[in-house]
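> Here it is, the structure, as structure tokens.
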Amino acid sequence: MHLDVQDLRNFYYRSALGRAAQKSLRGRLLELWPEAKGQTVVGFGFAAPLLRPYLKDARRVITLMPGPQGVMPWPAGLPNTSVLTEETLWPIETGHVDKLVLLHGLETCERPSDLLEECWRVLGPGGRVLFIVPNRGGLWARRDVTPFGYGRPYSPGQLDAQLRKHQFLPERHVGALYQFPSQQRVWMKSAGLFERIGRHVPAMMAGGAFMVEATKLVYPPKGTRQRTRKRVSVLEGLTEPAVGSARV
């Protein structure tokens with residue numbers, strides 16, 4: 001089940017809890033990948049809130065948003081990088097991506113195996129992919145007041161097994177979203193404390209979400225199908241980003 005792009009935008013950019021979640025996830029991402037100078041960075045799902053730090057030095061940043069979710073122009077005030085795409089047929093050449101981030105992409109996809117095959121296809125030699133998914137054992141997956149309460153949550157073991165099945169090698173695991181998923185002031189005030197404590201907790205005891213960094217094994221996924229690729233046209237209205245009161 002996909003959330004609408006406007007719901008995701010409102011959560012991450014127009015709610016205090018969403019901005020705190022963005023800060024937690026982005027901070028953990030930058031610990032793993034502090035820079036992407038001269039590289040091609042791609043986000044799938046709704047990864048845009050995490051990718052702004054790479055806009056300055058990356059060779060190219062692309063934000064792919066699946067059709068069932070919808071698309072929004074991003075980033076505000078700069079040339080648009082967003083593309084509306086089929087979930088499992090991306091308008092990207094094989095082996096051209098250096099860094100790939102999936103947020104609200106894998107757990108909501110109806111064909112996760114095909115999506116993982118597409119991730120494998122676009123990732124280049126030495127490239128890395130970061131899967132960010134709801135933690136099955138965490139509080140965020142049990143409450144539908146956030147986007148992490150939708151789709152299929154994973155345990156670290158389940159995600160590792162899925163990745164290995166599709167010829168990815170999990171390299172590093174980190175957790176995020178240790179604060180309580182509530183807008184109430186008492187929980188928001190203590191969010192920083194919970195996040196600091198959570199970073200000392202083993203990754204297998206991740207918070208509301210966990211991240212798995214993986215690399216691509218050199219042989220193709222078993223059962224890979226030859227799919228007909230078709231040209232994706234630029235959608236009217238996406239060439240210029242919309243500038244609103246919120247910076248996205």
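> For region 82-190, what is the Kirkwood hydrodynamic radius in Å, using each pair of distinct C-alpha atoms? Spell out each step's value before the answer.
Details: mean 1/r = 0.0651 Å⁻¹.
Answer for region 82-190: a Kirkwood hydrodynamic radius of 15.4 Å.
> Same structure again: 5 Å is the cut-off here: which amide hydrogens, built 1.01 Å from N in the peptide plane, fall below it relative to Leu100, excluding neighbours closer than 5 in sequence?
For Leu100, the qualifying residues are Val42, Arg128, Val129, Leu130.
> Report ³J(HN,Hα) in whole Hz for each residue of region 160-175, in order, from the Karplus equation J = 6.51 cos²θ - 1.76 cosθ + 1.60 where θ = phi - 60°; Gly and Pro get x.
Here the 3J(HN,Hα) series is 4, 5, 5, 5, 4, 4, 10, 6, 10, 10, x, 10, 9, 10, 9, x Hz.
> Moving on to the next point. Note the per residue figure in Å³ for the convex hull of the C-alpha positions in region 1-42.
On the way: hull volume 4.5 nm³, N = 42.
So the per-residue Cα hull volume is 107 Å³.
> Taking the convex hull of the Cα atoms, report for region 31-111 its projected area averaged over all directions, in nm². Let's see the in-between values first.
Details: hull surface 22.1 nm².
If you wrap the Cα atoms of region 31-111 in a convex hull and average its projections, you get 5.5 nm².
> On to the next question. When the C-alpha atoms of region 1-160 are aligned to their principal axes, what extent does each axis show, in angstrom, from largest down?
Rounded to whole Å, the extents work out to 39, 35, 30 Å.
> Follow-up question, since we're still on this one. Provide the percentage of antiparallel DSSP beta bridges, counting only those with both residues in region 1-141; round to the nearest 5.
Working: 1 of 21 bridges.
Percent antiparallel among DSSP bridges in region 1-141 is about 5.
Values quoted throughout were computed directly from the atomic coordinates according to the rules given, and no laboratory measurement underlies them. In this text the structure is predicted, and so the values were computed from the model without any measurement.
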